[in-house]
Ligand code: SF4
């Protein structure tokens, strides 16, 4: 019999499933308390649950998590986890400590079909979407690895385009936000997209409160299309109104991620275009110095180039600007560098106009 993963269920669904199996209504509450408050996931250790109920739980449910295959530790404190899934595919998850924060970066797909040139994951193509339990399972696993309540922020910036796996991502976020489960505040969860317009619209329509980050990297169509094939299908003139609409129903500003690539997107024309594009969107800009990856000719930006860009943008920009110093570069855990290896499945064919490189 196929067991249901506890990590795939909202509290109401767990309650319903248990009642159907002849259990009392309070059993779900007990179970969730053990799992999320006491950090016990072995049913046999749940001392206030009767032997016959434990048998039922063992027969119908599983609390299996992705397996940690390898841990890479960066000099700057960042940890990258290579996780093995049930079907022998691999994903990556990263923990990034900074000041008072501990940010968990999770994956939403095995690989990705969106083909962004600056991203290692794109080289894999899309192998498959992660299931709800594989997404929430990363969060529970990270809690186990770090001590239960230390993670302060969750970002969907690992492998995959979250809006290409929207249904599962939305359900996973509902579970992560649920008071009875992970109890994460919406302001501490960020979904990052390359700009999938129908997904942005759908996310907004669900009413789910979550922060949105958009990987922008150029506010000039020709340049953006050169490094992000999605821009051919959804150019800036389509992206902008979609984001303006999104902010009308969201309490949060949009974060624009802008990877600084010397000789490509760092001159005054780029800055003016960036100012023009972002100026009338409730947003902030996050500048990220480029992390070289094998096979690409771009060089890393020097400190001087980054500072000059920042200074000029401070003068020009109507929205706040921050510089994100990429973390975990020595272990390939920084932005754009995630690419789980040894995948079992072959890539799926492209859909929705996506192009592999
Ligand atoms: S940057 Fe994101 S959307 Fe683009 S290829 Fe990489 S994982 Fe996919």
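Highest mean packing comes first when the peptides 107-119, 251-263, 233-245 are listed by Cβ atoms within 10 Å, giving 107-119, 251-263, 233-245.
Here segment 225-283 is treated as an ellipsoid with the same Cα gyration tensor; its semi-axes, largest first and in whole Å, are 22, 14, 10. The simple spin-label model puts a point 7 Å past each Cα toward its Cβ; for residue 20 and residue 272 those points are separated by 6.2 nm. Can you tell me what percent of all Cα-Cα pairs in segment 4-62 are more than 12 Å apart? Distances greater than 12 Å cover 64 percent of the Cα pairs. Computed over segment 131-233, the alpha-carbon pair-distance distribution with 5 angstrom bins reads 2, 11, 22, 23, 17, 11, 8, 5, 2, 0, each value a whole percent. Against the chain, whose longest principal axis is taken from its Cα atoms, helix 132-146 shows a tilt of about 90°. Working from the Cα coordinates of segment 232-328, the gyration tensor eigenvalues give, after taking √(5λ), semi-axes of 24, 16, 13 Å in decreasing order. For the pair segment 121-165 / segment 177-227, the C-alpha centres are spaced 14 Å from each other. The GNM of the chain, with springs linking C-alpha atoms under 10 angstrom apart, assigns the highest mean-square fluctuation among 322, 193, 247 to 322. Taking the chain as a Gaussian network of alpha-carbon nodes connected by springs under 10 Å, the highest mean-square fluctuation of the residues 264, 277, 184 belongs to 264. Calculation over all alpha carbon pairs of segment 67-331 in 10 angstrom steps from 0 returns a P(r) of 7, 30, 38, 22, 3, 0 percent.
Can you give the Kirkwood hydrodynamic radius for segment 10-169, in Å, rounded to one decimal and based on Cα pairs?
Details: mean 1/r = 0.0578 Å⁻¹.
The Cα-based Kirkwood calculation yields 17.3 Å.
In the calculated pair-distance distribution of segment 29-91, the portion above 13 angstrom amounts to 70 percent of the Cα-Cα pairs.
FRET efficiency for the pair residue 240 and residue 178, taken as 1/(1 + (r/R0)^6) with r the Cβ-Cβ distance and R0 = 41 Å, rounds to 0.75. Between 136, 78, 146, the residue with the greatest mean-square fluctuation in the GNM of the chain (Cα pairs under 10 Å linked by springs) is 146. Report summary: the helix-based calculation at 222 nm, which adds -39500 (n - 2.57) for every DSSP H run with n ≥ 4 and divides by the residues of the chain, gives -9500 deg cm²/dmol.
Suppose the chain between residue 185 and residue 325 were pulled fully straight at 0.36 nm per residue; how much longer would it get relative to their current alpha carbon spacing? It would help to have the intermediate numbers written out before the result.
Working: separation 140, 0.36 × 140 = 50.40 nm, distance 2.48 nm.
Between residue 185 and residue 325, full extension yields an extra 47.9 nm.
Using a simple spin-label model with pseudo-atoms 7 Å out from Cα toward Cβ, residue 221 and residue 167 lie 3.4 nm apart. Full extension of the chain segment joining residue 69 with residue 44 gains 6.4 nm, where the gain is 0.36 nm per residue of separation less the Cα-Cα distance.
Read-outs: derived from the displayed coordinates by stated rules, not from any lab. Keep in mind that what you see is a predicted model, and the values were worked out from it rather than measured. Here the Cβ is made from the backbone with ideal geometry for all residues, glycine too, and neighbour counts use every protein chain on show.
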